[in-house]
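For reference, the structure discussed in these notes is given below.
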Amino acid sequence: MSQPSGPGDPVLHLRRVRKSFRSSGSGGSARRVVAAEDVDLVLRRGEAVALVGESGSGKSTLARIVLRLERPDAGELLVDGVDMLRREPRGASLEYRRRVQMVFQDPFGSLNPVHDVAHHLVRPLLRHRRATRADAPKQALELLRTVGLEPAEEFIHRRPYELSGGQRQRVAIARALAVEPDVLVADEPTSMLDVSIRLDILGLFDRLKRERQLALLLITHDLASARYLADRVLVLFQGRIVEDGATHDVIERPAHPYTRALLAAIADQEASPHPLVAPKLSPAVLSEGCPFRSRCADAMEICAHSDPAPRAHEGRRLRCHLYPAAAPAGVA
Ligand SMILES: Nc1ncnc2c1ncn2[C@@H]1O[C@H](COP(=O)(O)OP(=O)(O)O)[C@@H](O)[C@H]1O
Ligand SMILES: [Mg+2]
């Protein structure tokens, strides 16, 4: 399934993906919660995409769909143009799991406390046949150097509790790299780390993206991380990608009213010492109209009865009635 391709080439494409969950409401009534609605997401070689949005907006659901831990209700998951949901309908192959790797939020929870660093790196190397038993230890040392844990000989026999949070996250990253993935999904990879070392870890992701031409999907509620690392930002609201554009454009000139509100909330947070408390969201229950309308300063008549479909506008994709639905020919 692997084909040689160059920088900027699409590696993985979620196309028109939908996912809803049954949630038991108060009084025992079941209702559907929309976690992904008509989502298009393209990951390209050597490009980092940040998925931002408040808690419950569907970020982890999309990550789980990309990792094939969750099956969408509808849509396609294209790799090299082939819909993997059809090619491997009963679950991801070992080869798919090799190509799409994950770094978790909690580096302690993701490493087994009884095993040393060597075990965590040698295991995937052997399982995915990236090394022989004889040269796996040497490759494990090389992986540690790649993620900046030096001298590698000193770290290789440590156990997770003998490492700092940042060092543990570096081991988790090394483990993901061991199998030479094309796609790396990182769900809030720095949110449990000390503020002082977050930038180091983001810098490591950035270097790996460039050196290994990784397609990176960074999930974060933190726009500063997105600004630092991402080439593109996708803003998620109640399962919908409401804005998708180049990081600089989206952050300097947000077009969707929700993106503007999100940036304003962050500016407030930076101005005050108190951590941002995300507004309590009403769950994304199926209903008519734009789900953001009740919080939108620009809501119009049409927003009450029509959920805006994605549309192209000045190099972005937007889901908002403020922008014309039928883009003129030639707009990307
Ligand atoms: N397995 C599940 N069962 C029921 N509801 C779920 C499940 N997973 C996610 N959801 C719901 O889907 C929505 C999106 O969740 P999630 O993808 O975890 O958001 P985020 O990662 O942005 O916080 C939420 O309303 C959440 O409660
Ligand atoms: Mg999440």
Selection within the stretch 35-53 - surrounded by fewer than 24 Cβ atoms within 10 Å (Cβ to Cβ) and farther than 12 Å from VAL233 by Cα: GLU37, ASP38, ASP40, ARG44, ARG45, GLY46
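Would you mention how many residues in the stretch 143-161 are outside any helix (DSSP H, G or I) and among the aliphatic types (A, V, I, L, M)?
3
I need the full set of residues from the stretch 158-191 which are under 23 Å from ARG210 (Cβ atoms) and either free of Cβ contacts under 8 Å to residues at least 24 places away in the same chain or within 16 Å of ligand 1 (Cβ to nearest atom) (or both), in order please.
Step one: filter the stretch 158-191 for residues under 23 Å from ARG210 (Cβ atoms), giving 166-167, 169-190.
Listed by number, the residues that qualify are GLN167, VAL185, ALA186, ASP187, GLU188, PRO189, THR190.
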The stretch 20-52, subset within 11 Å of the chain's Cα centre (by Cα) and within 14 Å of ligand 2 (Cβ to nearest atom), residue modelled with the lowest pLDDT: VAL52
The lone exception for GLU70 - which of (1) within 16 Å of ligand 2 (Cβ to nearest atom); (2) farther than 25 Å from ARG127 by Cα; (3) modelled with pLDDT of 95 or more; (4) part of a loop (DSSP other than H, G, I, E, B) it fails: (2)
Helices (runs of 4 or more DSSP H) completely within the stretch 183-255 that count 1 or more residues being surrounded by fewer than 24 Cβ atoms within 10 Å (Cβ to Cβ) and of a type in the set (S, T, N, Q): 195-212, 247-252
Condition met for ALA140 (within 27 Å of ALA215 (Cβ to Cβ), touching a residue at least 40 places away in the same chain (Cβ under 8 Å) and assigned to a helix (DSSP H, G or I)): no
Selected residue (criterion: surrounded by the fewest Cβ atoms within 10 Å (Cβ to Cβ)) from residues of the stretch 66-97 that are within 21 Å of VAL179 (Cβ to Cβ) and basic (Lys, Arg): ARG87
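The values are calculated or read from the model by the stated rules, or taken from the named source; none is laboratory data. Please read all numbers here as calculations on a predicted model, not as lab measurements. Note that each Cβ is placed from the backbone with ideal geometry, even for glycine, and that neighbours are counted across all protein chains shown.
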